[in-house]
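Working notes for the structure below.
The values are calculated or read from the model by the stated rules, or taken from the named source; none is laboratory data. Please read these numbers as outputs of a predicted model, since none were measured by experiment. So basically every Cβ, Gly included, is an ideal-geometry build from the backbone, and we count neighbours across all protein chains shown.
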Amino acid sequence: MFEIVFLGTSASAPSVHRGLAAQAVIAGEHRFLIDCGEGTQRQILRSGIGFKKLNRILLTHGHLDHILGLGGLVSTFARWENVDEIEIYGGKATLDRVQALLYGVVLDYERLEVKIHLVDLKPGRIFSGKDFTVDTFPVTHRGPGNFGFLFQEKTRRPFLNDQAEAFGVPIGPERAELVKGKSITLADGRVITPSMVLGEEIRGVKYVHVGDTARTDNLCEVVQDADVLVIEATFLDEDADTAKAFGHITAGQAARLALENGVKSLLLTHVSRRYRERDVIDEARRIFPQTHVARDLDHYVIRRDRPVERWVAMAGDRDSDDVQSAE
């Protein structure tokens, strides 16, 4: 199971109802912050999730609407949260901007005692926990070093209690060994192998996060059969040429990507002030009905073979604010 808390869902500039890009991903005891737009630390407080263990930060790219909140967040971590180390993952171009922001302004001026680890992303695995992994993959946007993130629960084989009882496997460490994939020998000399008491493999939850992107054709393989895809919807199809010029996609393109690749649920974010929310969701749902447009402080839960659940939603309908250019 994964949880996603949307801290900021606006494109390029904040609106009355939407802050700049940031999402918290909760996976058991682990937490990740994806992007950190201006105002993210206040949104963390408003969300109620707190700062604990939120010092592993994954950056999709280096545009200011995705990184400018790092200065304030790092300062808060160091001054108020007793965080000694922070890991920031991003492409080289992204980390260059982050280093200029943090070391040229925040850390140098404030003399904060906090260790920053800047991790240059390459495609592949960046985290492996007991129950899940995180991989990164390249994304096409403006400039180099843009990445998306794949959160994948590990495949498991359920333990069949009825089978175990039929074979006389006692409750205790013997069963734990079988779950680990090891054979055991019973008191009467019989050898019980894992295949005798474990069911068929069950794939874990697959969650794919894409930030700003100019294309979808190169994302098909990674999003295939995802339980949830989070992706931008900065423009509508009527403005597809403008979207292409700015290195973005439309809500319709995101929906077609989900439809054609077996995605279960689509969560759209990075919404432009130029559109009403209802127009964004209408365009996407005409193509892919299992679409939601995320709002700030929405809290979604992803479970295997179940519709995505929204725990918390801001009240009220959302109309667009003033027309705003896209970064």
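Given the condition among the polar types (S, T, N, Q), more than 30 Å from GLY168 (Cα to Cα), in a helix (DSSP H, G or I) and modelled with pLDDT of 95 or more, answer yes or no: does some residue in the stretch 264-271 qualify?
Taking every residue of the stretch 264-271 in turn, none turns out to be among the polar types (S, T, N, Q), more than 30 Å from GLY168 (Cα to Cα), in a helix (DSSP H, G or I) and modelled with pLDDT of 95 or more.
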Worksheet item: When both residues are 6+ apart or on different chains and their Cβ atoms are under 7 Å apart, which pairs have a first residue that lies in the stretch 15-34 and is in the same structural domain as GLY62 (by TED's automatic domain parsing), and a second that is crowded, with 19+ Cβ neighbours inside 10 Å and hydroxyl-bearing (Ser, Thr, Tyr)?
Response: ARG18/THR9; ARG18/SER10; GLY19/SER10; LEU20/SER10; ALA22/THR40; ILE34/THR60
Worksheet entry | Filter result for the condition that a residue is among the aliphatic types (A, V, I, L, M), modelled with pLDDT of 95 or more, part of a loop (DSSP other than H, G, I, E, B) and more than 16 Å from the chain's Cα centre (by Cα), over ALA226, ALA243, ALA187, ALA214 | ALA214
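Between GLY124, GLY148, which is touching a residue at least 60 places away in the same chain (Cβ under 8 Å), closer than 23 Å to VAL230 by Cα and either surrounded by fewer than 19 Cβ atoms within 10 Å (Cβ to Cβ) or of a type in the set (Gly, Ala, Ser) (or both)?
GLY148
For every residue, the table says whether it meets (1) surrounded by fewer than 24 Cβ atoms within 10 Å (Cβ to Cβ); (2) not small (Gly, Ala, Ser).
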| residue | (1), (2) |
| --- | --- |
| ASP225 | yes, yes |
| ASP241 | yes, yes |
| ALA245 | yes, no |
| ALA254 | no, no |
| GLY262 | yes, no |
Worksheet item: Among the residues of the stretch 214-229, is there at least one that is out of contact with any helix residue (DSSP H, G or I) (no Cβ under 7 Å at 6 or more places or on another chain), β-branched (Val, Ile, Thr), closer than 22 Å to GLY148 by Cα and touching a residue at least 24 places away in the same chain (Cβ under 8 Å)?
Response: yes
Discussion item. Looking only at the stretch 71-92, how many residues end up being of a type in the set (Asp, Glu) and in a helix (DSSP H, G or I)?
Written reply: 0
Fill in: the stretch 127-145, subset surrounded by fewer than 17 Cβ atoms within 10 Å (Cβ to Cβ) and among the charged types (D, E, K, R), residue nearest to the chain's Cα centre (by Cα)
ASP131
Fill in: LEU58 being farther than 20 Å from PRO14 by Cβ, without any contact (Cβ under 8 Å) to a residue 40 or more places away in the chain and not small (Gly, Ala, Ser)
no
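Just give me the residues in the stretch 71-92 being modelled with pLDDT of 95 or more and of a type in the set (A, V, I, L, M), in sequence order.
Matches in the stretch 71-92: ILE88 only.
Scan the stretch 26-70 for residues that are in a helix (DSSP H, G or I) and either buried (at least 21 other Cβ atoms within 10 Å of the Cβ) or touching a Phe, Trp or Tyr at 6+ places or on another chain (Cβ under 8 Å) (or both) and jot them down.
THR40, GLN41, GLN43, ILE44, ASP65, HIS66, ILE67, LEU70, listed by residue number.
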Item to complete: Please specify each residue of the stretch 157-178 satisfying the condition of being within 23 Å of ALA27 (Cα to Cα) and surrounded by 15 or more Cβ atoms within 10 Å (Cβ to Cβ).
Response: ARG157, PHE159
